[in-house]
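K.L.:
The structure follows.
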Amino acid sequence: MNGVVVVPTYNERDNIESLIQEIIILPALDILVVDDNSPDGTGDMVAGLARENPRVHLLTRTKQKGRGSAGVAGFKKALNMGAQWIIEMDADFSHHPRHIPDLLAHIKDYDLVLGSRFVPGGADRDRGIVRHMVTRLAGIYVRSLLGLNIRDVSSGFRCFRREVFEKVDLDDMISAGPAIVLEILYKVCLNGFRIKEVPIVFRDRRQGDTKLDAITLLETLVMVLRLRKLHRQGLLIRSAELNG
Ligand SMILES: Nc1nc2c(ncn2[C@@H]2O[C@H](COP(=O)(O)OP(=O)(O)O)[C@@H](O)[C@H]2O)c(=O)[nH]1
Ligand SMILES: [Mg+2]
């Protein structure tokens, strides 16, 4: 195993088995599902698959909940498993496994490879015009406030080299919700890591309901301001002395 695919799940019973089947055919990858004790039994289903296939792993959380912290918990476990690179993706087929080889194709030359809807060849399909506009406007807001030269700042489909987490401390995250996706990206940029965007076709979820709402979006926009302020105060990335 060279890499681990981290998939946070909450009530993804209708998606997770076929997703795992599509990932498992790719070589040198293990799958780690981080399930927050989904009431629909997603965890039991994955536990069954894990018994059949040693490349499938399950991390069940009972005390904490949320996409952001689930991703972080998954990254930590993947690092402990010895992963050289770590992919994170959603369980709902918005992020299609067929793009995983595209991410891996660049991970030798870059520290973070982003699956991007907004580079040539990428697309954001099936979603309504309002959701489209919200994504675009939020992107402009984030890029200009944080000074990020990245087209798809909110992409949660990405591949990290393990070295990234020697600088970006997973035990030192400020945000708690989905904003963690953004916080990690910002810190990766501030540390000067090499980032590549590759096109992906994003599709709206096949099954089940979305768990993101307007309040979460608002919290994320506020978090952007907080991150910017902390960086200006020199508090966001650890200084050279502190790093030793
Ligand atoms: N572990 C965990 N995963 C979550 C939670 N909320 C959402 N997810 C997962 O995170 C991914 C993205 O969530 P989704 O509802 O599709 O958000 P959207 O695509 O942005 O509308 C999916 O794989 C979800 O199952 C949670 O509280 N805990
Ligand atoms: Mg989704």
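Read the figures in this text as sums done on the coordinates, not as results from a lab. Because the structure is predicted, anything quoted here is derived from the model rather than measured. Here the Cβ positions follow ideal geometry from the backbone for every residue, glycine too, while neighbour counts run over all protein chains shown.
K.L.:
Which shape class applies to the stretch 1-132: rounded if a/c is under 1.5, otherwise prolate when a/b exceeds b/c and oblate if not, where a ≥ b ≥ c are the square roots of the Cα gyration tensor eigenvalues?
P.N.:
Oblate shape, in that a/c is at least 1.5 and b/c is the bigger or equal ratio.
K.L.:
Here's a follow-up. State whether the stretch 8-80 is rounded, prolate or oblate according to the following rule on the C-alpha gyration tensor (a ≥ b ≥ c being the square roots of its eigenvalues): a/c under 1.5 gives rounded; otherwise a/b larger than b/c gives prolate, and the remaining case gives oblate.
P.N.:
Since a/c reaches 1.5 but b/c is at least a/b, the shape of the stretch 8-80 is classed as oblate.
K.L.:
Can you compute the charge dipole magnitude of the stretch 133-178 about its Cα centre, using +1 on each Lys and Arg Cβ and -1 on each Asp and Glu Cβ, nothing else charged? Give it in debye, rounded to the nearest 20.
P.N.:
Result for the stretch 133-178 is approximately 340 debye, rounded to the nearest 20.
K.L.:
Karplus couplings for the stretch 90-98 from phi (6.51 cos²θ - 1.76 cosθ + 1.60, θ = phi - 60°), rounded to Hz, Gly and Pro as x?
P.N.:
With the stated coefficients, the stretch 90-98 comes to 7, 8, 9, 6, 4, 9, 8, x, 5 Hz.
K.L.:
Q84 versus I215, label points 7 Å from Cα toward the beta carbon: distance in nm?
P.N.:
4.4
K.L.:
Tell me, how many Å apart are the Cα centres for the stretch 74-90 and for the stretch 135-196?
P.N.:
Cα centroid of the stretch 74-90 versus Cα centroid of the stretch 135-196: 16 Å apart.
K.L.:
Follow-up. Name the shape class, rounded, prolate or oblate, that the alpha-carbon gyration tensor gives for the chain, where a ≥ b ≥ c are the square roots of its eigenvalues, rounded holds for a/c under 1.5, and otherwise prolate holds if a/b is larger than b/c and oblate otherwise.
P.N.:
Note, shape of the chain comes out rounded.
K.L.:
While we're on this one: Would you mind getting me the FRET efficiency between R98 and M1? Use the beta-carbon distance for r and R0 = 22 Å, nearest 0.05.
P.N.:
According to the calculation, E is roughly 0.60.
K.L.:
Something else: Report the FRET efficiency, 1/(1 + (r/R0)^6), for D126 and E166, where r is their Cβ-Cβ distance and R0 is 45 Å, rounded to 0.05.
P.N.:
In this case the efficiency is close to 0.75.
K.L.:
Still on this structure: Using the Cα centre of the chain as origin and beta-carbon charges of +1 (Lys, Arg) and -1 (Asp, Glu), tell me which of V72, M133, I23 is placed farthest towards the positive end of the dipole.
P.N.:
My answer, from the dipole projection, is M133.
K.L.:
Once whole DSSP H runs in the chain are found, which of them have Cα atoms spread over 27 Å or more along the helix axis and a mean Kyte-Doolittle score of at least 0.5?
P.N.:
The answer, listed by residue number, is 214-232.
K.L.:
Per 0.36 nm of contour for each residue apart, how much would the distance between V134 and L26 grow if the chain were fully extended, relative to their Cα-Cα spacing?
P.N.:
Length gained between V134 and L26: 35.5 nm.
K.L.:
What spacing in nm lies between the two simple spin-label points modelled at A47 and N191, each 7 Å away from Cα in the Cβ direction?
P.N.:
3.4
K.L.:
About its Cα centre, what dipole magnitude does the stretch 92-133 give when the only charges are +1 on Lys and Arg Cβ and -1 on Asp and Glu Cβ, stated in debye to the nearest 20?
P.N.:
I would put it at about 160 debye.
K.L.:
Still on this structure, please answer the following. In the stretch 38-176, if the dipole is taken from +1 on Lys/Arg beta carbons and -1 on Asp/Glu beta carbons about the Cα centre, which of F165, L103, H57 is farthest to the positive end?
P.N.:
L103
K.L.:
Note the full-extension length gain between R226 and K63 as 0.36 nm times their separation in residues minus their Cα-Cα distance, in nm to one decimal.
P.N.:
56.1 nm
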